[in-house]
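Working notes for the structure below.
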Amino acid sequence: MRGQCSEVKVLSGVDTAVLTRKVEINVLIPAHNSERRVGGVIANLGRQWLPGEVLLRVMVCANACGDNTAVEAQRALNRIKKPGKVETELIETSEAGQPQALNTMVARVPTGGRKQVVIELQDDSFPGMGALAVLAAAACLHPELGAIGVVPRAIPTYRSKNAGWGEKVAFVISKLDYYSREVLIDRLCAFDPEVMGEFPDLASVDLFMVQEAMKLAGGYGIIDPCEAVVFNRVPETLLDLVRQRLMYLGITKQMIRAYPDYRELVGQVRGPRVKRVFKDFLFSDCPEGLDFGMGDRIGALVVMVGTRIMAGFYDKLFPYRSSKRGRINSAI
(Lines give C-alpha, C1' and ligand atoms only; values in the text may rest on other atoms or scores of the structure.)
Protein backbone atom coordinates (compact mmCIF):
# COMPACT_ATOMS: atom_id res chain seq x y z
CA MET A 1 0.00 0.00 0.00
CA ARG A 2 2.81 2.43 0.78
CA GLY A 3 4.13 2.22 -2.71
CA GLN A 4 0.77 3.17 -4.20
CA CYS A 5 0.76 6.72 -2.89
CA SER A 6 3.66 9.05 -3.63
CA GLU A 7 2.55 11.56 -1.00
CA VAL A 8 3.46 9.19 1.86
CA LYS A 9 7.14 8.47 2.35
CA VAL A 10 8.41 5.81 4.75
CA LEU A 11 11.69 7.21 6.07
CA SER A 12 14.51 4.89 7.07
CA GLY A 13 18.26 5.22 7.43
CA VAL A 14 17.87 8.69 9.01
CA ASP A 15 21.32 10.13 9.76
CA THR A 16 21.25 12.07 13.04
CA ALA A 17 24.64 13.60 12.18
CA VAL A 18 22.66 16.38 10.50
CA LEU A 19 21.80 17.67 13.99
CA THR A 20 24.45 20.28 14.73
CA ARG A 21 24.67 23.52 16.68
CA LYS A 22 22.77 25.14 13.83
CA VAL A 23 19.61 23.25 14.82
CA GLU A 24 17.13 24.03 17.60
CA ILE A 25 14.40 21.54 18.49
CA ASN A 26 11.13 22.97 19.79
CA VAL A 27 8.88 20.39 21.47
CA LEU A 28 5.34 21.71 22.00
CA ILE A 29 3.12 19.90 24.53
CA PRO A 30 -0.56 20.91 24.72
CA ALA A 31 -1.71 19.80 28.18
CA HIS A 32 -5.31 19.78 29.37
CA ASN A 33 -6.06 18.35 32.84
CA SER A 34 -2.84 16.35 32.66
CA GLU A 35 -1.56 16.45 36.23
CA ARG A 36 -1.31 12.65 36.38
CA ARG A 37 0.88 12.28 33.30
CA VAL A 38 2.51 15.54 32.20
CA GLY A 39 5.42 15.18 34.66
CA GLY A 40 6.35 11.78 33.26
CA VAL A 41 6.07 13.00 29.68
CA ILE A 42 8.44 15.90 30.38
CA ALA A 43 10.86 13.71 32.35
CA ASN A 44 11.06 11.33 29.41
CA LEU A 45 12.05 14.23 27.17
CA GLY A 46 14.86 15.08 29.57
CA ARG A 47 16.27 11.58 29.13
CA GLN A 48 16.26 11.67 25.32
CA TRP A 49 19.63 11.49 23.60
CA LEU A 50 20.56 14.51 21.51
CA PRO A 51 23.91 15.69 20.13
CA GLY A 52 25.62 18.10 22.52
CA GLU A 53 25.41 21.04 20.14
CA VAL A 54 21.62 20.92 19.74
CA LEU A 55 19.42 23.21 21.81
CA LEU A 56 16.20 21.61 23.04
CA ARG A 57 13.34 23.97 23.84
CA VAL A 58 10.37 22.41 25.68
CA MET A 59 7.13 24.42 25.83
CA VAL A 60 4.03 23.30 27.70
CA CYS A 61 0.68 25.04 27.30
CA ALA A 62 -1.66 24.25 30.18
CA ASN A 63 -4.92 25.19 28.51
CA ALA A 64 -8.19 25.58 30.42
CA CYS A 65 -7.07 23.19 33.17
CA GLY A 66 -9.18 22.50 36.23
CA ASP A 67 -6.46 20.60 38.08
CA ASN A 68 -2.76 21.02 38.98
CA THR A 69 -1.39 20.50 35.48
CA ALA A 70 0.53 23.78 35.53
CA VAL A 71 2.12 23.02 38.92
CA GLU A 72 3.21 19.51 37.93
CA ALA A 73 4.47 20.72 34.56
CA GLN A 74 6.56 23.49 36.11
CA ARG A 75 8.15 21.08 38.58
CA ALA A 76 9.10 18.71 35.78
CA LEU A 77 10.36 21.53 33.55
CA ASN A 78 12.58 22.83 36.35
CA ARG A 79 14.18 19.39 36.69
CA ILE A 80 15.15 19.08 33.01
CA LYS A 81 16.21 22.69 32.43
CA LYS A 82 19.91 23.04 31.57
CA PRO A 83 21.12 26.51 30.56
CA GLY A 84 22.50 26.49 27.05
CA LYS A 85 21.25 22.96 26.36
CA VAL A 86 17.60 22.69 27.47
CA GLU A 87 15.31 25.71 27.69
CA THR A 88 11.79 25.44 29.12
CA GLU A 89 8.63 27.53 29.17
CA LEU A 90 5.21 27.07 30.74
CA ILE A 91 2.23 28.91 29.29
CA GLU A 92 -1.19 29.01 30.95
CA THR A 93 -4.29 29.92 28.96
CA SER A 94 -8.02 29.89 29.65
CA GLU A 95 -8.88 28.83 26.10
CA ALA A 96 -9.60 25.13 25.67
CA GLY A 97 -8.51 22.99 22.74
CA GLN A 98 -5.36 21.39 21.40
CA PRO A 99 -5.17 23.55 18.25
CA GLN A 100 -5.52 26.74 20.27
CA ALA A 101 -2.68 25.61 22.54
CA LEU A 102 -0.48 24.79 19.55
CA ASN A 103 -1.19 28.16 17.94
CA THR A 104 -0.11 29.87 21.15
CA MET A 105 3.17 27.93 21.32
CA VAL A 106 4.01 28.17 17.63
CA ALA A 107 3.84 31.96 17.94
CA ARG A 108 6.65 31.75 20.53
CA VAL A 109 9.03 29.69 18.40
CA PRO A 110 12.01 31.91 17.45
CA THR A 111 12.34 32.94 13.82
CA GLY A 112 15.51 33.52 11.87
CA GLY A 113 18.97 32.44 12.87
CA ARG A 114 19.28 28.74 13.55
CA LYS A 115 17.20 26.02 11.89
CA GLN A 116 14.01 25.59 13.92
CA VAL A 117 12.47 22.10 14.09
CA VAL A 118 8.93 22.19 15.50
CA ILE A 119 7.57 19.01 17.08
CA GLU A 120 4.20 18.34 18.68
CA LEU A 121 4.09 15.78 21.49
CA GLN A 122 0.78 14.69 22.99
CA ASP A 123 0.61 14.79 26.75
CA ASP A 124 -0.01 11.06 27.17
CA SER A 125 2.81 9.73 24.98
CA PHE A 126 6.39 8.65 25.56
CA PRO A 127 8.97 8.65 22.75
CA GLY A 128 11.33 5.70 22.80
CA MET A 129 14.98 6.51 23.42
CA GLY A 130 16.46 8.24 20.39
CA ALA A 131 13.08 8.83 18.74
CA LEU A 132 13.30 12.60 19.22
CA ALA A 133 16.70 12.81 17.52
CA VAL A 134 15.59 10.62 14.60
CA LEU A 135 12.44 12.68 14.05
CA ALA A 136 14.29 16.00 14.24
CA ALA A 137 16.94 14.75 11.82
CA ALA A 138 14.26 13.53 9.40
CA ALA A 139 12.67 16.99 9.46
CA CYS A 140 16.03 18.56 8.57
CA LEU A 141 16.72 16.05 5.80
CA HIS A 142 13.25 16.31 4.23
CA PRO A 143 12.18 19.98 4.22
CA GLU A 144 9.86 19.24 1.29
CA LEU A 145 7.51 17.29 3.58
CA GLY A 146 4.82 19.21 5.42
CA ALA A 147 4.86 16.86 8.40
CA ILE A 148 6.63 13.72 9.63
CA GLY A 149 5.20 11.35 12.21
CA VAL A 150 6.47 8.46 14.33
CA VAL A 151 4.42 5.27 14.23
CA PRO A 152 2.78 4.86 17.67
CA ARG A 153 2.94 1.59 19.56
CA ALA A 154 0.57 0.61 22.36
CA ILE A 155 2.15 -0.51 25.63
CA PRO A 156 1.16 -4.19 26.09
CA THR A 157 -0.41 -3.69 29.51
CA TYR A 158 -2.81 -6.56 28.77
CA ARG A 159 0.02 -8.88 29.83
CA SER A 160 -0.47 -7.86 33.46
CA LYS A 161 -2.12 -10.58 35.54
CA ASN A 162 -4.81 -8.09 36.56
CA ALA A 163 -5.63 -7.02 33.01
CA GLY A 164 -9.17 -7.55 31.77
CA TRP A 165 -10.49 -8.77 28.44
CA GLY A 166 -11.35 -5.25 27.35
CA GLU A 167 -7.71 -4.24 27.67
CA LYS A 168 -6.62 -7.15 25.49
CA VAL A 169 -9.24 -6.27 22.86
CA ALA A 170 -7.98 -2.68 22.89
CA PHE A 171 -4.48 -3.91 22.20
CA VAL A 172 -5.71 -6.14 19.36
CA ILE A 173 -7.45 -3.13 17.82
CA SER A 174 -4.22 -1.17 18.04
CA LYS A 175 -2.65 -3.91 15.92
CA LEU A 176 -5.54 -3.86 13.46
CA ASP A 177 -5.20 -0.09 13.20
CA TYR A 178 -1.52 -0.50 12.39
CA TYR A 179 -2.60 -1.29 8.84
CA SER A 180 -3.80 2.30 8.45
CA ARG A 181 -1.04 4.10 10.35
CA GLU A 182 0.22 5.56 7.10
CA VAL A 183 -2.59 8.11 7.26
CA LEU A 184 -2.00 9.15 10.85
CA ILE A 185 0.50 11.69 12.09
CA ASP A 186 -0.05 10.79 15.69
CA ARG A 187 1.45 11.22 19.18
CA LEU A 188 4.81 12.63 18.08
CA CYS A 189 5.22 14.61 14.89
CA ALA A 190 7.36 17.30 13.31
CA PHE A 191 5.56 19.84 11.14
CA ASP A 192 6.20 22.96 9.12
CA PRO A 193 4.30 25.89 10.69
CA GLU A 194 4.36 27.77 7.39
CA VAL A 195 2.55 24.91 5.64
CA MET A 196 0.00 24.40 8.41
CA GLY A 197 -0.70 28.05 9.11
CA GLU A 198 -3.07 28.59 12.02
CA PHE A 199 -4.67 25.40 13.30
CA PRO A 200 -8.49 25.56 13.01
CA ASP A 201 -10.95 24.74 15.80
CA LEU A 202 -10.98 20.97 15.19
CA ALA A 203 -10.81 18.12 17.67
CA SER A 204 -7.79 16.56 15.92
CA VAL A 205 -4.80 18.50 14.68
CA ASP A 206 -3.35 15.24 13.33
CA LEU A 207 -6.00 14.79 10.66
CA PHE A 208 -5.62 18.43 9.67
CA MET A 209 -1.84 17.99 9.33
CA VAL A 210 -2.34 15.01 7.03
CA GLN A 211 -4.55 17.02 4.71
CA GLU A 212 -2.41 20.13 4.62
CA ALA A 213 0.79 18.16 4.04
CA MET A 214 -0.77 16.25 1.15
CA LYS A 215 -2.44 19.27 -0.43
CA LEU A 216 -0.01 22.11 0.18
CA ALA A 217 3.40 20.45 0.60
CA GLY A 218 5.31 17.54 -0.88
CA GLY A 219 3.37 15.05 1.23
CA TYR A 220 4.22 13.70 4.65
CA GLY A 221 6.56 11.13 6.09
CA ILE A 222 6.32 8.21 8.49
CA ILE A 223 9.41 7.09 10.39
CA ASP A 224 10.17 3.42 9.95
CA PRO A 225 9.12 1.82 13.28
CA CYS A 226 12.40 -0.10 13.32
CA GLU A 227 14.20 3.23 13.81
CA ALA A 228 11.94 5.13 16.19
CA VAL A 229 8.70 4.60 18.04
CA VAL A 230 6.48 6.42 20.51
CA PHE A 231 4.53 4.55 23.19
CA ASN A 232 1.03 5.14 24.53
CA ARG A 233 -1.43 3.31 26.76
CA VAL A 234 -4.68 1.70 25.65
CA PRO A 235 -8.02 1.82 27.55
CA GLU A 236 -8.20 -0.73 30.35
CA THR A 237 -11.95 -1.32 30.31
CA LEU A 238 -14.32 -2.31 27.52
CA LEU A 239 -16.54 0.71 28.27
CA ASP A 240 -13.63 3.12 27.92
CA LEU A 241 -12.55 1.38 24.74
CA VAL A 242 -15.99 1.97 23.23
CA ARG A 243 -15.87 5.60 24.38
CA GLN A 244 -12.47 6.04 22.75
CA ARG A 245 -13.61 4.48 19.48
CA LEU A 246 -16.71 6.70 19.35
CA MET A 247 -14.56 9.75 20.03
CA TYR A 248 -12.07 8.93 17.27
CA LEU A 249 -14.81 8.18 14.74
CA GLY A 250 -16.68 11.35 15.67
CA ILE A 251 -13.50 13.38 15.21
CA THR A 252 -13.03 11.91 11.71
CA LYS A 253 -16.61 12.79 10.81
CA GLN A 254 -16.02 16.32 12.04
CA MET A 255 -12.98 16.59 9.79
CA ILE A 256 -14.93 15.34 6.76
CA ARG A 257 -17.68 17.90 7.42
CA ALA A 258 -15.13 20.69 7.55
CA TYR A 259 -13.10 19.40 4.58
CA PRO A 260 -15.20 17.12 2.32
CA ASP A 261 -12.20 16.16 0.16
CA TYR A 262 -10.43 14.67 3.19
CA ARG A 263 -12.30 11.39 2.71
CA GLU A 264 -10.95 11.03 -0.83
CA LEU A 265 -7.40 11.81 0.26
CA VAL A 266 -7.51 9.17 2.99
CA GLY A 267 -9.08 6.62 0.67
CA GLN A 268 -6.23 7.01 -1.80
CA VAL A 269 -3.67 6.22 0.87
CA ARG A 270 -5.44 3.44 2.74
CA GLY A 271 -6.39 1.34 -0.24
CA PRO A 272 -8.29 -1.93 0.32
CA ARG A 273 -7.81 -1.82 4.08
CA VAL A 274 -10.82 -3.94 5.08
CA LYS A 275 -9.74 -6.80 2.83
CA ARG A 276 -6.21 -6.70 4.22
CA VAL A 277 -7.39 -6.73 7.82
CA PHE A 278 -9.52 -9.84 7.31
CA LYS A 279 -6.90 -11.65 5.23
CA ASP A 280 -3.69 -10.69 7.05
CA PHE A 281 -4.90 -10.53 10.63
CA LEU A 282 -8.07 -12.49 11.23
CA PHE A 283 -7.09 -15.58 9.25
CA SER A 284 -3.31 -15.64 9.68
CA ASP A 285 -0.65 -15.42 12.36
CA CYS A 286 -0.67 -12.24 14.41
CA PRO A 287 1.97 -9.65 13.58
CA GLU A 288 5.11 -9.61 15.72
CA GLY A 289 4.36 -13.11 16.99
CA LEU A 290 1.71 -11.93 19.45
CA ASP A 291 -0.56 -14.73 20.61
CA PHE A 292 -4.17 -13.61 20.29
CA GLY A 293 -6.94 -16.18 20.27
CA MET A 294 -9.69 -16.16 17.68
CA GLY A 295 -12.11 -14.89 20.34
CA ASP A 296 -9.91 -11.85 20.95
CA ARG A 297 -9.65 -11.13 17.23
CA ILE A 298 -13.39 -11.50 16.63
CA GLY A 299 -14.09 -9.34 19.71
CA ALA A 300 -11.88 -6.61 18.29
CA LEU A 301 -13.66 -6.68 14.95
CA VAL A 302 -17.08 -6.63 16.66
CA VAL A 303 -16.07 -3.55 18.64
CA MET A 304 -14.69 -1.84 15.54
CA VAL A 305 -17.77 -2.53 13.41
CA GLY A 306 -20.23 -1.90 16.25
CA THR A 307 -18.73 1.44 17.23
CA ARG A 308 -18.67 2.52 13.60
CA ILE A 309 -22.43 1.93 13.41
CA MET A 310 -22.98 3.67 16.75
CA ALA A 311 -20.84 6.62 15.66
CA GLY A 312 -23.21 7.27 12.77
CA PHE A 313 -26.10 7.76 15.18
CA TYR A 314 -24.02 9.71 17.69
CA ASP A 315 -22.82 12.06 15.01
CA LYS A 316 -26.41 12.95 14.14
CA LEU A 317 -27.29 13.61 17.79
CA PHE A 318 -24.04 14.98 19.24
CA PRO A 319 -21.71 16.05 16.42
CA TYR A 320 -18.30 17.45 17.28
CA ARG A 321 -18.46 21.18 16.76
CA SER A 322 -15.17 22.32 18.32
CA SER A 323 -11.77 21.14 19.51
CA LYS A 324 -13.01 20.27 22.99
CA ARG A 325 -12.99 16.58 23.84
CA GLY A 326 -12.94 14.41 26.93
CA ARG A 327 -10.39 12.06 28.44
CA ILE A 328 -10.37 8.27 28.66
CA ASN A 329 -9.36 8.06 32.30
CA SER A 330 -8.39 4.39 32.37
CA ALA A 331 -5.85 4.99 29.60
CA ILE A 332 -3.94 7.62 31.55
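List of remarks:
- Among the residues of segment 167-205, those identified as modelled with pLDDT under 90, out of contact with any Phe, Trp or Tyr (no Cβ under 8 Å at 6 or more places or on another chain) and of a type outside the set (S, T, N, Q) are VAL169, ILE173, ASP177, TYR178, ARG181, GLU182, VAL183, LEU184, ASP186, ARG187.
- Helices (runs of 4 or more DSSP H) lying entirely in segment 226-284 (those with 2 or more residues that are at pLDDT 90 or above): 238-258
- Unmet criterion (only one of (1) on the phi > 0 side of the Ramachandran plot; (2) surrounded by fewer than 22 Cβ atoms within 10 Å (Cβ to Cβ)) for ARG187: (2)
- Pairs linking a residue in segment 26-55 that is touching a residue at least 12 places away in the same chain (Cβ under 8 Å) and assigned to a strand (DSSP E or B) to a residue that is acidic (Asp, Glu) and surrounded by fewer than 22 Cβ atoms within 10 Å (Cβ to Cβ), with Cβ atoms under 7 Å and 6 or more positions apart or on different chains, are LEU55/GLU24; LEU55/GLU87.
- Residues in segment 7-21 that are in a loop (DSSP other than H, G, I, E, B), closer than 15 Å to PRO143 by Cα and out of contact with any Cys (no Cβ under 9 Å at 6 or more places or on another chain): GLU7, VAL14, ASP15.
- Qualifying residue in segment 56-63 (condition: of a type in the set (A, V, I, L, M) and assigned to a loop (DSSP other than H, G, I, E, B)): no
- Residues of segment 17-36 classified as under 14 Å from ALA70 (Cα atoms), surrounded by fewer than 20 Cβ atoms within 10 Å (Cβ to Cβ) and either under 16 Å from the mean Cα position of the chain (by Cα) or β-branched (Val, Ile, Thr) (or both), total: 0
- Beta carbons closer than 7 Å, at least 6 apart along the sequence or on distinct chains, pair a first residue in segment 105-130 that is on the phi > 0 side of the Ramachandran plot with a second that is surrounded by fewer than 20 Cβ atoms within 10 Å (Cβ to Cβ) for GLY130/TRP49.
- Verdict on GLY166 being of a type outside the set (A, V, I, L, M), touching a residue at least 12 places away in the same chain (Cβ under 8 Å) and part of a helix (DSSP H, G or I): yes
- The residues listed here are ALA203, ALA217, ALA258; of these, the one that is within 17 Å of the chain's Cα centre (by Cα) and small (Gly, Ala, Ser) is ALA203.
- Listed by first and then second residue, the pairs linking a residue in segment 209-223 that is more than 8 Å from VAL8 (Cβ to Cβ) to a residue that is buried (at least 23 other Cβ atoms within 10 Å of the Cβ) and aromatic (Phe, Trp, Tyr), with Cβ atoms under 6 Å apart and 6 or more places separating them unless they lie on different chains, are MET209/PHE191; ALA213/TYR220.
- On inspection, GLU120 qualifies as in contact with a helix residue (DSSP H, G or I) (Cβ under 7 Å, 6 or more places away or on another chain) and either surrounded by fewer than 19 Cβ atoms within 10 Å (Cβ to Cβ) or closer than 26 Å to LEU202 by Cα (or both).
The values are calculated or read from the model by the stated rules, or taken from the named source; none is laboratory data. Because the structure is predicted, anything quoted here is derived from the model rather than measured. Every residue, glycine as well, gets a Cβ built from its backbone with ideal geometry; the counts of neighbours run over all protein chains shown.
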